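Okay, structure first, notes after.
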């Protein structure tokens, strides 16, 4: 029964960058489905690295990362990419927008990358509705280079939420926003995650945001098994 509640399990994980003197070790981490989790840690503690391991962008040297019962550590590069597109909405710190695509086409990009997703009128309407809630609905026919930094961040956020993924990973999604806009974006991430029962992992340095989460993981203190 315990395993059925968990979306993510990490055991005896070890990862390092060759020649950089960095190593991330996590003995036991379990995260429950539908939980809202903040990941803290000082600069260089491995917050973004952990997000990239969970999403399959990076592969650990040893250990197990099990997502929804599947050990993604054993997947090939191609299989991990398919797993990431299907299951994870990633809000990147650097946005990762496609500059030659319009705002709308960037927003619905996951549907063009994943053949199992249906791109139809309902999808377009949902994209427009999400864009409206975070106030970029009048920018849909523009291009990323015509947006402000805050608008680019909001677009990246909307794109991650559009497919109602099982897991949303947000890497400092409010870092470049003013307080009022940051609250709107955070509320949209949490509300949309809750509506789809998505699990949310958010990397943040902003202590003002922590009260919105079920649990907080501090990588500097992650020495004992933790379940959230």
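The values are calculated or read from the model by the stated rules, or taken from the named source; none is laboratory data. Because the structure is a prediction, the values reported are computed rather than measured. When we count neighbours, we look across all protein chains shown, and the Cβ atoms used for this are built from the backbone with ideal geometry, even at glycine.
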- Of the residues in the range 197-215 that are touching a strand residue (DSSP E or B) at 6+ places or on another chain (Cβ under 6 Å) and within 19 Å of residue 89 (Cα to Cα), the one that is modelled with the lowest pLDDT is 204
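Mind checking which residues of the range 151-178 are part of a helix (DSSP H, G or I) and touching a residue at least 24 places away in the same chain (Cβ under 8 Å)?
So the first thing to find is which residues in the range 151-178 are part of a helix (DSSP H, G or I), and the list is 151-161.
Selection gives 152, 153, 154, 155, 156, 157, 158, 159, 160, 161.
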- Task: Scan the range 1-24 for residues that are in a helix (DSSP H, G or I) and free of Cβ contacts under 8 Å to residues at least 60 places away in the same chain and jot them down.
- Result: 2, 4, 5
- Any residue at all in the range 79-88 that is more than 23 Å from residue 161 (Cα to Cα), surrounded by 20 or more Cβ atoms within 10 Å (Cβ to Cβ), at pLDDT 90 or above and within 19 Å of the chain's Cα centre (by Cα)? no
- Query: Within the range 25-48, is there a residue that is under 19 Å from the mean Cα position of the chain (by Cα) and part of a helix (DSSP H, G or I)?
  - Reply: yes
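Might you check whether a residue that is at positive phi, modelled with pLDDT of 85 or more and touching a helix residue (DSSP H, G or I) at 6+ places or on another chain (Cβ under 9 Å) occurs anywhere in the range 160-169? Please lay out each step first, then the result.
We begin by selecting, within the range 160-169, every residue at positive phi; these are 164.
Restricting the remaining residues to those that are modelled with pLDDT of 85 or more gives 164.
Next, only the ones that are touching a helix residue (DSSP H, G or I) at 6+ places or on another chain (Cβ under 9 Å) stay: 164.
There is at least one residue in the range 160-169 that is at positive phi, modelled with pLDDT of 85 or more and touching a helix residue (DSSP H, G or I) at 6+ places or on another chain (Cβ under 9 Å).
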- In the set 50, 64, 40, which member is surrounded by 15 or more Cβ atoms within 10 Å (Cβ to Cβ) and at pLDDT 90 or above? 50
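Given the structure, is residue 167 farther than 18 Å from residue 127 by Cβ and under 14 Å from the mean Cα position of the chain (by Cα)? Show your work before the answer.
Values: farther than 18 Å from residue 127 by Cβ: yes; under 14 Å from the mean Cα position of the chain (by Cα): yes.
Spelling it out, residue 167 is indeed farther than 18 Å from residue 127 by Cβ and under 14 Å from the mean Cα position of the chain (by Cα).
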- Task: Quickly run through the range 79-126 and pick out the residues that are within 24 Å of residue 148 (Cα to Cα) and part of a strand (DSSP E or B).
- Result: 89, 90, 91
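Tell me which residues, restricted to the range 114-136, are under 21 Å from residue 153 (Cβ atoms) and surrounded by 13 or more Cβ atoms within 10 Å (Cβ to Cβ). Before the answer, list the steps.
At the first step, the residues of the range 114-136 found to be under 21 Å from residue 153 (Cβ atoms) are 126-136.
126, 127, 128, 130, 131, 132, 133, 134, 135, 136 - these are the residues of the range 114-136 that are under 21 Å from residue 153 (Cβ atoms) and surrounded by 13 or more Cβ atoms within 10 Å (Cβ to Cβ).
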- Task: Say whether the condition of being in a helix (DSSP H, G or I), in contact with a helix residue (DSSP H, G or I) (Cβ under 6 Å, 6 or more places away or on another chain) and free of Cβ contacts under 8 Å to residues at least 24 places away in the same chain is met by at least one residue in the range 134-150.
- Result: yes
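Among residues belonging to the range 67-78 that are at negative phi and in contact with a helix residue (DSSP H, G or I) (Cβ under 8 Å, 6 or more places away or on another chain), point out the one that is surrounded by the most Cβ atoms within 10 Å (Cβ to Cβ).
Applying the first criterion (at negative phi) to the range 67-78 yields 67, 70-78.
Pick out the ones that are also in contact with a helix residue (DSSP H, G or I) (Cβ under 8 Å, 6 or more places away or on another chain) and you get 67, 70, 72, 75.
Details: 67: 24, 70: 13, 72: 22, 75: 18.
Only one residue fits best here, namely 67.
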- Query: Do we have any residue at all in the range 184-193 that's out of contact with any strand residue (DSSP E or B) (no Cβ under 7 Å at 6 or more places or on another chain), under 15 Å from residue 91 (Cα atoms) and without any contact (Cβ under 8 Å) to a residue 40 or more places away in the chain?
  - Reply: yes
- Task: Read through the list (1) closer than 23 Å to residue 214 by Cα; (2) in contact with a helix residue (DSSP H, G or I) (Cβ under 6 Å, 6 or more places away or on another chain), then give the number of the only condition that residue 85 fails.
- Result: (1)
